[in-house]
């Protein structure tokens, strides 16, 4: 889950662009089963608070929770090497947040893991 990495300062290594990239990835995985569940929304809210995003950036996140991010705007190869585990942990957290991991979520996570590891 997200907790420890976010709390221990891993986010300090993320610049604004990387913080937004992290949340965009998390939101895209939350949409894998074609719905944003309340638990997933709460998880994203926790990330947003941990990242201390600006009001402008929080508006972008609200948009990604209303409409899935464009798949072409998500490039796993742009995830900083040192932050890949943080991204994977955060994505695992959001897909498990509702207590059910759909086959689509599992498959998408496996594909991402293959690309990043």
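Just so it is clear, none of the values below were taken in a lab; they were calculated from the coordinates. Keep in mind that this is a model prediction, so the values were computed, not measured. Glycine gets a Cβ as well: all are built from the backbone with ideal geometry, and neighbour counts include every protein chain shown.
Do the sum for the chain: with -39,500 (n - 2.57) for every DSSP H run of n ≥ 4, divided by all residues, what is the mean residue ellipticity at 222 nm, to the nearest 500 deg cm²/dmol?
Mean residue ellipticity at 222 nm (helix-derived): -19500 deg cm²/dmol.
Which residue, 26, 101, 61, tops the fluctuation ranking in a GNM of the chain built on C-alpha contacts under 10 Å?
101
State log₁₀ I(q)/I(0) for the chain at q = 0.09, 0.14, 0.16, 0.17 Å⁻¹ as given by the Debye formula over alpha-carbon point scatterers of equal weight, solvent excluded.
-0.20, -0.50, -0.67, -0.76
If one computes the Cα centroid of region 28-43 and of region 51-83, what distance in Å separates the two points?
14
Beyond 13 Å, how much of the Cα-Cα pair distribution for region 46-103 remains, as a whole percent?
Considering region 46-103, 74 percent of its Cα-Cα pairs are separated by more than 13 Å.
If packing is taken as the average count of other Cβ atoms within 10 Å, what order do 13-25, 102-114 fall into, highest mean first?
13-25, 102-114
Of the candidates 98, 89, 55, which one comes out as most mobile in a Gaussian network treatment of the chain with C-alpha springs shorter than 10 Å?
It is 55.
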